[in-house]
Amino acid sequence: MNSELKNKLDEFIEDFLQVKEVKQYLLLKKEILESSEIKDLQSSLKKAQKEMALSLGTPSYNENKKIYLELKDRYDRHHLIVNFNVMQEEVSYLLDELKNRLELK
């Protein structure tokens, strides 16, 4: 890759990282990774999923499934996760638009 193209690409990447939606997405991603509450929920969710899978075909399956679904709902409704998913869709849309424009050229 020639240096002029590399410089333009680096400049574009820096500009893209300054887009409001991208900045918000990256901030939320960082907050999620640093959140002890999210980590605890993920750990509990993984444990409940394992318990549910191991109890398949036993009388305790329905109770384990209920516990798993309740934890999954709590995780999915957590404000950081909700906001992250929205911003992820926004950034994905931006990337799709960019890809479409590049394919047209």
Legend entry - Meets criteria (touching a helix residue (DSSP H, G or I) at 6+ places or on another chain (Cβ under 8 Å) and among the charged types (D, E, K, R)) for Arg74: yes
Legend entry - Pair list, Cβ < 6 Å and 6+ apart or interchain, from the stretch 32-52 residues that are in contact (Cβ under 8 Å) with a residue 40 or more places away in the chain to residues that are small (Gly, Ala, Ser): none
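Determine whether the stretch 63-73 contains at least one residue that is under 15 Å from Leu28 (Cβ atoms) and of a type in the set (S, T, N, Q). Break it down stepwise before answering.
Within the stretch 63-73, the first condition is being under 15 Å from Leu28 (Cβ atoms), and the residues that meet it are none.
No, the stretch 63-73 contains no residue that is under 15 Å from Leu28 (Cβ atoms) and of a type in the set (S, T, N, Q).
For the subset of the stretch 1-51 comprising residues that are more than 21 Å from the chain's Cα centre (by Cα) and modelled with pLDDT of 95 or more, which member is nearest to Tyr93 (Cα to Cα)?
Step one: of the stretch 1-51, the residues more than 21 Å from the chain's Cα centre (by Cα) are 1-12, 14-15, 50-51.
Narrowing further to those that are modelled with pLDDT of 95 or more: 50-51.
Numbers: Lys50: 34, Glu51: 37 Å.
Taking the candidates together, the pick is Lys50.
The values are calculated or read from the model by the stated rules, or taken from the named source; none is laboratory data. Bear in mind that the values here come from a model prediction, so they are computed numbers and not experimental data. We place every Cβ from the backbone using ideal geometry, glycine too, and count neighbours over all the protein chains shown.
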